[in-house]
Amino acid sequence: DIDKTKLDIKNSLKTLTGFLYERFEKGVYVFVDEYDRPVNNLLENFSGDDMTTEKRNLIQETTNLITSMLSRVAKAESNADSRAGVV
């Protein structure tokens, strides 16, 4: 089911940092490089007159997915019992 897959992707970094924390019993930092590359690729491929509503929705959905995935780990950093952070 597509909704479960999206939820799994959104939780993927949070799950990974949880596993690493449990294994090493130390705080986990996630270094994310070029997180915007998928959106930039879509924008490059869909630029110009052929920008349809469907393509705009795909770009927005991709942006939301990446933002959600990163924010779930970043929010852990603000908790008193922080185990992970995004840098």
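The values are calculated or read from the model by the stated rules, or taken from the named source; none is laboratory data. Keep in mind that what you see is a predicted model, and the values were worked out from it rather than measured. Because the Cβ atoms are built from the backbone with ideal geometry, glycine has one as well, and the counts that use them run over all protein chains shown. Ligands, DNA and RNA are excluded from the accessible area calculation, which covers all protein heavy atoms including side chains. Shrake-Rupley method; radii C 1.70, N 1.55, O 1.52, S 1.80 Å.
Annotations
- Extension gain, F24 to S47: 0.36 nm times the residue separation minus the Cα-Cα distance gives 3.8 nm.
- Two-site FRET efficiency, N57 against D36, from Cβ-Cβ distance with R₀ of 22 Å, rounded to 0.05: 0.75
- Accessible surface of the stretch 1-70, 1.4 Å probe, proportion on carbon and sulfur as whole %: 54
- Helical mean residue ellipticity (222 nm; -39500 (n - 2.57) per DSSP H run of 4+; nearest 500) of the chain: -22500 deg cm²/dmol
- Largest to smallest accessible area among K14, K26 [probe 1.4 Å]: K26, K14
- Computed from the alpha carbon positions, the gyration tensor of the chain leads to an equivalent ellipsoid with semi-axes of 31, 14, 10 Å, biggest first.
- The listed peptides 41-51, 59-69, ordered by packing as a protection proxy, come out as 59-69, 41-51 (highest mean of other Cβ atoms within 10 Å first).
- Under the convention that each Lys and Arg Cβ holds +1 and each Asp and Glu Cβ holds -1, the size of the dipole of the chain around its Cα centre is about 380 debye.
- Accessible area per residue in Å² at 1.4 Å probe, computed on the chain: 75
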